[in-house]
Structures are given as C-alpha cells and as structure tokens.
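Just below is one structure, and these are the notes that go with it.
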C-alpha cells in the first residue's frame, strides 16, 4: 500500500461562468520515505497539487488515497486531525505568527494535538535543535533572518513528528546561501529521520536534493524520473 | 483541545494586538462606567435625601390641611383652611392622643424682609418654642423662640445664615431690628449654616412665633401644618390613628375618603421619595445600558476587521490542524475576554469616578454624601458586557471559522 496515491486527479476553479481546469487527470503513487520534488513553470498546477495532497483543499474529480483511505470519506474535523498529526507544512512566505517567540511558533501545532501539555516544551525545543536554532528560542520572527525564519517553519512542521512534510517553494524567498542551508536541513530530515518529503520548486538546482522529480506542464505530468546525481548536503560537516 | 488552551490562544491573540484590543473595549468601558456611575451616584443621592428625611425624626407626624388629592382632577384638595386653633387644642388633650409628646402648629409663606435698604425674600416659618428641638435648628448665636414669645406674639425673629448675609453682608444683625411686611422685628438669633440641600432649607428662613406670623404677617386664623411628635417610634402608628380619629370627630367626618386633612409620616415620605429615586436610577442605568449595545456593535466591527486582517493566521492555524470549532472558539473567546476586561475596567473607572465625585460633594458642597460601590450593578455590568461580546462576537467568529485554509494562506 502506497502512502499516497492519486488516480485521474482533476481540479478546476469556477469563477462565475468561466471554469479553469488546473489539473487535468494526474496519476502517481508516492511511497513512505520518498523524497519527491514536483517541478514546473508557474501556472503548471504544482501548488494546487500540493494543496490537494496536503489536504488543504479538495480535488474536483478523481481519487486521492492517503494511507490507503479515500480522502473523500474524511469529514472536515478528520481532515484537520490528519493535517495536525500526519502532515507538516513549510511555506514560501514562512507564515510565522508575528510578535510570538520562536518557541511559541514551533509549539503551535501541538496546541491542536492530543499531546499532553507537559511534553510541548521539550518537543518544541527538540525540533528547534534539529534545525540548529537553539540559540534563538526566545527571539521573535522580526529578529530573525529569512533563512532562520524558514528553519523555524521547518521546526514547526517537524514538531508533531508527521509522516509527510510538504514544502512549497521553501527557498523562494531566500538568498542562495540560506536556501542551500534550508534544503540541506530538509534533506537531512529525510535521510536521518525517514520523513516523506514532497517539495514544490521551479528550480532544478533545488529539485536535485530530492530522489525523484515529477515535472508538470499545463496540469499534466510531463515526466516522472529518479534523480541520478543527487545533490548531497554538506551541512554540519565543517 | 482544552478550553484552557483556547483561552490561552485568545489571550495571546489579544496581547499581540494591544492597541486594537484597547480601542475595541473603549465602548464597553464607557458603557459600564456610565452604568456604575449612574447607579453609584443614584444610590448616594438617595441615601443623602433619605438621610435628610430621616433627619426630620422618625417620631414626627405632619398633619396637612385640606383633602388629600386622590387623582389629578381632585379640585377640593385645595381647601387648606381646615386646621385651626380648636384642632390644636383637641390634639393636645391626653385622652384624645395619649402618645403625643409634643404638638406644634406651623405657618409658613414668603414675605419681603428689609434692613437699611437691603431687601430679601425669605421663607417666614412660624412655629413654637419646640421648633429648635424638632428640626434640630438651634441658633448658633443669640437665643431661639420661647414660649413667652409665642404667648405674647412677640416681634422677634431668628434668621438663617443666607438671610442674614443677604440683608447685611457686613454687619452682624444679632440685636438689630429688621422690617418684615412693614413691621419691626428684633433679631434674637442667627442659625448655624446647614448646607444647600437640606430637606428643609433653614438657611433661607426667618423663624418667628407662629402667633406673630399668623396675626401680623399672613393675617390668617389657620395653620399650614400641625406637627405631632409621638413619645416613641413604636407609637407612631397608634398616634396617627388617634390623630385621625380626633380630627374626624371634631370635623364631623364619617367617611375616611372625605377627610379634610392628610397625614405625613417619615416612613411614608421615605417610601415615596425612595421609590421615585430608585425608578430614576433604574431608568438612567437602562439608558447607560444602551450604550453597551453600541459598544457591542463597535466590537463586532473591529472583530470583522480583525478576522480579515488575520486571514493568514487563520489559514495557518487550519493548515496546522485547527478545526473550524477551534477557530470559532478562539475568536469568540477573544470577543468575550475583551468585553469582560472592558466590563472590569469600566467598573473600576465607574467606581473611581463615583468616589471622586463623592469627595467633591463632601468637601466642596459640605454634604454628608456616602460613596457606595454598587455590587449588583457591577455584576450586571460584567454579565451584560460578556453577553454583548458573545452576541456580537459570534458573527465574526463564524466567518473566521468557515475560511478555507488555502484561501486564507494565499491572502496577501
């Protein structure tokens, strides 16, 4: 059983009379522990695909199985629960709560979980340590650099120990150096902790941190290939 | 998710938007402040006025001439010459009214007084030697009216502070002669200053024997009041009945509805005035409560802006696993906590301002104003403001909870 499987997945947006077909029938499987990059030019539907896979919105047609279960069968509350327990999100624009410390930001998913409050602090600090920001726990987002903000977002995605981490253009707002650090952390999480990672990017350079690249064009799969010369992280190898 | 965590999230949300939170609750603060002040000051005024009525003495019974009006068109009520010397005599007999300790007839009216070109129009108050004791109106200097003055219709007068000052700002009038209605009166005493809002304002009065006032000032044979003082508080009710029986027999009245006199006791007056003042306070408090509703509309307005402003936050929370209910609870709690805090701040403000006002009244106007903290109104204020938060917070909170995480996250 695959962790995720989509069959003939479509998505259209209705704006009044006009209906725009964004995804035109996609099929693929993603196994547990894979590191997949979804590539494509803007407008190719890659973000929409990630939102559907991440249960942030529902498809218009076709089927999506998550953990063997038809996602159409989930209620709103169950979806919220799955998002909380099994999925972690990293966004291009970080989406940290302003005027809230790093520690509190990272704790955020725990607030909506069944995890006992006594454990929150420890889990959050552990996740912050995993992204190498232990010296910034009490800082607020405005005091951090872009790269650091994204690392906080990674820690937040990690804190619930999810099965899948979704990263939507995580390096899009970063300079190349910070971008590299962020990608190496994501790769390390995958390699060492076995998280399934789904990465959205339009840069080949970034995509090559993954094991497999799915290329989209105009809402259809153009290619689905394994990465031959995988970019290897050299982080923490000073 | 526990309610405690929801409260914590709501509190954090409010703390990160301090200025907005403070502005939001302003309407509630003002509303609750107004309620507390109205009720507190209303209570203070009531205590003060009732206190002054009580100052008349619980044993005092006032007999008023004329039929007491039973309705707005009861014209016969204007007949006011029904209390005369023979009534006084009858009431004074022990077999008629055994518990009457003191009886004093009273006549009053306005008349112009003058002294060396200065004129003033005080209330002429004619009574007996018992006046000082019954009304606690002992002269500060000089002497009061004596029984001899009454018997002899003496041309003597005791002046209230204001009257004395108006007639002669510079010179002490004690021992001088002033003119009232063209007749010379010897000023035998000056009253102590009593303050502007006493129930009977002695500062504005010129006291004299009732005989003098009847014969030389007003030219009447009847009394405006007869004051009976019972020998104890417990006997007031019995005395009232004795007075009624005596006067009815004397006036040949069989039907109590045709009484040509009325009885006023402190208890009656307390009840009437107390009811009027309470009604007034409740009415004003209700007006103030309307401002709370206006405050609630303000809350809804700002909460709606807040929901739009925090679209990204809502989307993020949903992406991280918040359910619709979690979001609804968060925003609803924010509204309720806001209005609750507004209520508490309003109570503190209202109490503080009321206290300040009471100090001013005490020190500037010299009245025995007592500050009271209206616990009932405070609880009501918190309850109403919380309910306002619940009602006006519901719509914005629902709007927030129905947002789709992805629309929310896309929002720039």
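Each value in this text was obtained by applying a stated rule to the coordinates, not by laboratory testing. Fair warning: this is a prediction, and the values are worked out from it, not measured in the lab. Positions of Cβ are generated from backbone atoms using ideal geometry, with glycine treated the same way; all protein chains shown enter the neighbour counts.
Some points to look at:
- Within the listed set B:122, B:169, B:98, the Gaussian network model of chain B (springs between alpha-carbon atoms below 10 Å) gives the highest mean-square fluctuation for B:169.
- Considering only B:225, B:398, B:325, the Gaussian network model of chain B with Cα springs below 10 Å gives its largest mean-square fluctuation to B:325.
- Considering only segment B:100-220, percent of DSSP beta bridges that pair antiparallel, nearest 5: 65 percent
- Normalised by the number of residues in chain B, the mean separation of alpha-carbon contacts (under 8 Å, six or more apart) gives a relative contact order of 29 percent.
- Value of [θ]222 nm, deg cm²/dmol, for chain A, DSSP H segments ≥ 4, -39500 (n - 2.57) each, nearest 500: -10000 deg cm²/dmol
- Chain A: angle of helix A:102-111 to the longest principal axis, Cα-based, in degrees nearest 10: 50 degrees
- Take each residue in B:321-330, count the other chain C-beta atoms within 10 Å of its C-beta, and the mean is 5.
- In terms of the mean number of neighbouring beta-carbon atoms within 10 Å, the peptides A:112-120, B:130-138 order highest first as B:130-138, A:112-120.
- Neighbouring partner chain Cβ atoms per residue of B:8-16, average, 10 Å criterion: 2
- Percent of Cα pairs exceeding the 35 Å cut-off, where the set is chain B: 52 percent
- For segment A:49-112 versus segment B:1-45, the gap between their alpha-carbon centres in whole angstrom: 35 Å
- Alpha carbon convex hull of segment B:60-265, projected area averaged over orientations, nm²: 12.3 nm²
- The DSSP beta bridges internal to segment B:60-265 are antiparallel in roughly 80% of cases.
- Euclidean distance between Cα centres, segment B:105-173 to segment B:309-365, Å: 59 Å
- Nearest-ten-degree value, helix A:176-193 long axis tilted from longest Cα axis of chain A: 80 degrees
- Cα Rg, Dmax (largest Cα-Cα span) when computed across chain A, Å: 17.6, 58
- Among B:40, B:385, B:306, the residue with the largest mean-square fluctuation in a Gaussian network model of chain B, with springs joining Cα atoms closer than 10 Å, is B:306.
- The protein assembly as shown - share of DSSP beta bridges that are antiparallel (%, nearest 5): 70 percent
- The residues A:11, B:18, A:81, when put in order of fewest to most other Cβ atoms within 10 Å, stand as B:18, A:81, A:11.
- Taking all pairs of distinct alpha-carbon atoms in the protein assembly as shown, Kirkwood radius in angstrom: 32.4 Å
- Contact order for segment B:60-265, expressed relative to its length and based on alpha carbon pairs under 8 Å spaced 6+ residues apart, stands at 36 percent.
- Across peptide A:81-90, the mean count of Cβ atoms from other chains lying within 10 Å of each residue's own Cβ comes to 3.
- In chain B, the longest principal axis of the Cα atoms and the axis of helix B:375-401 are about 30 degrees apart.
- Separation between Cα centres of segment B:225-302 and segment A:167-238, rounded to whole Å: 87 Å
- Separation in nanometres of the label points that stand 7 Å from Cα toward Cβ, at residue B:90 and residue B:220: 1.9 nm
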